[in-house]
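Contents: one structure, followed by commentary.
The values are calculated or read from the model by the stated rules, or taken from the named source; none is laboratory data. Note that the structure is predicted; figures quoted are calculated from it, not measured. Note: ideal-geometry Cβ built from the backbone for every residue, glycine included; neighbour counts use all protein chains shown. Ligands, DNA and RNA are excluded from the accessible area calculation, which covers all protein heavy atoms including side chains. Shrake-Rupley method; radii C 1.70, N 1.55, O 1.52, S 1.80 Å.
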There are 2 protein chains.
Amino acid sequence: MTHKYKNVYIKDAFTIAGPYESDGPLSKYFDVKYQKDLYFGEKSWEKAEIKLMKESIEKIMKRNDLSENEIDLLIAGDLQNQLAVSDYAAAKFKIPFLGVYNACATSSESLIIASNFIENKMTKNCLCAISSHNMAAEKQFRNPTEYGTPKPKTATFTVTGASSILLTNKKTNIKIESSTIGRVIDKNINDVNNMGAVMAPAAADTIYSHLTKLNRQASYYDLILTGDLGIYGKEILIEYMKTAYNIDLSNNYDDCGTIIYDLDKQPVLAGGSGPACSTLVNFSYIYKEMLKNKLQKVLIVPTGALFSPTMVFQKESIPAIAHAISLEVEL
Amino acid sequence: MTHKYKNVYIKDAFTIAGPYESDGPLSKYFDVKYQKDLYFGEKSWEKAEIKLMKESIEKIMKRNDLSENEIDLLIAGDLQNQLAVSDYAAAKFKIPFLGVYNACATSSESLIIASNFIENKMTKNCLCAISSHNMAAEKQFRNPTEYGTPKPKTATFTVTGASSILLTNKKTNIKIESSTIGRVIDKNINDVNNMGAVMAPAAADTIYSHLTKLNRQASYYDLILTGDLGIYGKEILIEYMKTAYNIDLSNNYDDCGTIIYDLDKQPVLAGGSGPACSTLVNFSYIYKEMLKNKLQKVLIVPTGALFSPTMVFQKESIPAIAHAISLEVEL
């Protein structure tokens, strides 16, 4: 489902990064960096992640001099079961709350829902908060890292971080120009250590749908940026787009999972993943490059593997989804 | 956050009920009844729940002669971790998908987001699908029932069922007239067997906010219907509304958790709960009474306990939320 917006703008974006991300190539773009450990002074990884999301909300409100009753709506999501991070972060604020989940595509899901509320003149200021935490995710989805379970090179590394994006109906220089809500794609892959392969077909479906519905060439965008396919998933997507749709992504395409870390030096296998991966890249580095007018038109396509350990234990394959958002500089 | 809608209507609602629900007082209102066991021919409870949601989507599409490409958007949610039921059900349809989670308030969350897309003229037909499954929920959130763990009388019984609601921008006799998105309320309760007490303050906050913003008395509604507080939570809400806001709910208020079962005869303790509880009551019994013009104005207020076993094990209390939707007959 593709739509063009008239009056949806990004007023501000606040990003918080964990130690691995702060050691990576995008370090200078993050607003807050936690470099000591993954606990951030809390007693559990889950509480550490809640702290990150809560802090990103508090600090974007403070930087924009907004009180709770000036934020109409908070839309948030994370990887924890029952969206526990979002729930407990939202409990700290007297702001109407909607919890959303499309795995690592949750960031674009939240922005699309928020854009719709703003376009509809129902809200003036809407906050979208997203987080993930490496250890909290490993513990819940895979094996606690203490087990030392070996992983293949196609596995990705969950990003630790949080972001809050403030959308508004008042003109700023960065517009949410259009969006495409993706469909669930299941290509019968059940390799939990190759999420890039799981998600690439969903990204392809959404990018193709977005370009077709808006009658655009891929070259319309300065950059098309998928969220967390990693190095192998990225290769699959390029090949898939060429083969299935005859669309050449070789010139203006990259993947957030391959940008957030230094893949040669950091121990992150195929790259970054998790909802915070794409949102940290898109709303620190890319957003700031757009503010400087170095990029004018960017299509961000966060991708989500709808991985349920319960269903994979029951021999099911892993479905995936991707939602696209077109950001444009409007001076 | 409260809004009035101009052009959002319910075109159809399809409900599927499990055995306990089919044995209850609302039996005749459900479209499909599974009365044999809780597996519905599947090999696991999770797959059984996926079957229910998938069937509700297929059958509402068939009854309305709609193909996949005539449904603009599917918004779905359930209680399973990672929204596994919604994900795997959505994977069966080529329809753009958004996953949402506010525990048992997910049903109203999905309808509010859908209403906004329709009001904004972005979609013509939007499906909202919701489910829960008693055994799948017990296994995930509490103890497998085989353990025979005793429960106090304040515990509720998760409803097994699924519903699909079809919203449209074309006039029908049942209008979604307004809605209020609730805030997360945490009153420091951590009794996992008393969700009614956890959720009642959230229901109160949302009902008060809805009435105040629209400058309405409680008597504006023929019926105000909370979703799954159960008999004790219902008493708490009546008392709370009286004490905190001087609003008398004694004449036109009831709770879905106390309606869906025969509390004297069925072994359901304080009543029904789960996302399917309120949606089965609201979109079988209440919806059909409204179609017959026996009720004209109903405020449905599904309530959600944002219960995370992980966070409760870490000594945290349970936050709650409620979203209200005003349904009106418009002949």
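For region B:1-38, the set of trypsin sites (Lys or Arg not before Pro) satisfying both a DSSP loop assignment and a count of at most 12 other C-beta atoms within 10 Å is given as B:Lys6, B:Lys36.
Rounded to whole numbers, the Karplus 3J(HN,Hα) couplings from phi for region B:269-282 are 6, 7, x, x, 8, x, x, 6, 4, 5, 6, 5, 5, 5 Hz, using 6.51 cos²θ - 1.76 cosθ + 1.60 with θ = phi - 60°, and x at Gly and Pro. Identify which of A:Ser250, A:Ser209, A:Ser110 has the largest mean-square fluctuation in a Gaussian network model of chain A, with springs joining Cα atoms closer than 10 Å. Its mean-square fluctuation being the largest, the pick is A:Ser250.
Each copy carries A:Glu70; placing its label point 7 Å along the C-beta direction from Cα gives inter-copy distances of 4.8 nm, listed from smallest up.
According to the calculation over all Cα-Cα pairs in region B:30-107, the P(r) per 5 Å bin from zero is 3, 15, 23, 25, 21, 12, 2, 0 %.
If you average 1/r over all unlike Cα pairs in chain A and invert the result, what Kirkwood radius do you get in angstrom?
Evaluated on chain A, it is 19.3 Å.
Inverting the pair-averaged 1/r between distinct Cα atoms of the protein assembly as shown gives 24.4 Å as its Kirkwood hydrodynamic radius.
Other chains' Cβ within 10 Å of A:193-204 residues: what's the mean? Intermediate results must be reported in sequence, preceding the final value.
On the way: counts 0, 0, 0, 0, 0, 0, 0, 0, 0, 0, 0, 0.
Counting other chains' Cβ atoms within 10 Å and averaging over A:193-204 gives 0.
Using the Karplus relation 6.51 cos²θ - 1.76 cosθ + 1.60 with θ = phi - 60°, the per-residue 3J(HN,Hα) values for region B:188-193 come to 6, 9, 10, 8, 5, 9 Hz, with x marking Gly and Pro. With the convex hull drawn around the C-alpha atoms of region B:82-164, the volume per residue stands at 104 Å³.
In the distance distribution for region B:189-241, Cα-Cα pairs more than 19 Å apart total 28 percent. Whole-Hz Karplus values for region A:311-326 come out as 6, 5, 4, 8, 6, 8, 7, 10, x, 9, 8, 8, 10, 10, 10, 9 Hz, taken residue by residue from phi with 6.51 cos²θ - 1.76 cosθ + 1.60 and θ = phi - 60°; glycine and proline positions read x. Among the trypsin sites (Lys or Arg not before Pro) found in region B:218-320, those both in a DSSP coil and sparsely packed, with 11 or fewer other Cβ atoms within 10 Å of their Cβ, are B:Lys265, B:Lys292, B:Lys294, B:Lys315.
Which whole number gives the average, over all residues in A:305-314, of C-beta atoms from other chains lying within 10 Å of the residue C-beta?
Values: counts 2, 10, 3, 9, 3, 10, 11, 1, 2, 6.
Mean number of neighbouring Cβ atoms from other chains: 6.
The B-A contact accounts for approximately 4700 Å² of buried accessible area, totalled over both chains at a 1.4 Å probe radius.
With coordinates expressed along the principal axes, the C-alpha atoms belonging to region B:237-316 extend over 49, 33, 23 Å, beginning with the largest. Across every direction, the projection of the convex hull enclosing the Cα atoms of region A:1-148 has a mean area of 10.1 nm². Once you treat every alpha carbon in region A:276-326 as an equal point and sum by Debye, what is log10 I(q)/I(0) at q = 0.24 Å⁻¹? Result of the Debye calculation: -0.88.
Starting from the label point of A:Lys36 at 7 Å along Cα→Cβ, the same points in the other copies fall at 6.0 nm, in ascending order. Of interest is the spacing of the C-alpha centroids, which for region B:14-56 and region A:276-290 amounts to 45 Å. On the principal axes of its alpha-carbon atoms, region B:99-219 has extents of 50, 30, 23 Å, going from largest to smallest.
Checking every one of the GluC sites (Glu not before Pro) in region A:264-331 against DSSP loop status and a limit of 15 other Cβ atoms within 10 Å picks out A:Glu330.
Other chains' Cβ within 10 Å of B:2-15 residues: what's the mean? Walk me through the intermediate numbers first.
Details: counts 2, 5, 1, 2, 0, 0, 0, 0, 0, 0, 0, 0, 0, 0.
Per residue, the average neighbour count from other chains is 1.
What a 1.4 Å probe finds exposed on chain B is 47% carbon and sulfur by accessible area, rounded to a whole percent.
Leaving out ligands and nucleic acids, note down the accessible area per residue over the protein assembly as shown with a 1.4 angstrom probe, in whole Å². If you can, show how the numbers build up before the last one.
On the way: 22940 Å² over 662 residues.
Result: 35 Å² of accessible area for each residue.
Sorted shortest first, the separations between the B:Pro144 label point and its copies elsewhere in the assembly read 2.3 nm; each point sits 7 Å from Cα along the Cα-to-Cβ line.
Per Stokes-Einstein, at 25 °C and 0.890 mPa s, what whole-number D in µm² s⁻¹ belongs to region B:189-331, with the Kirkwood radius over Cα pairs as the hydrodynamic radius? Estimated via Stokes-Einstein, D reaches 159 µm²/s.
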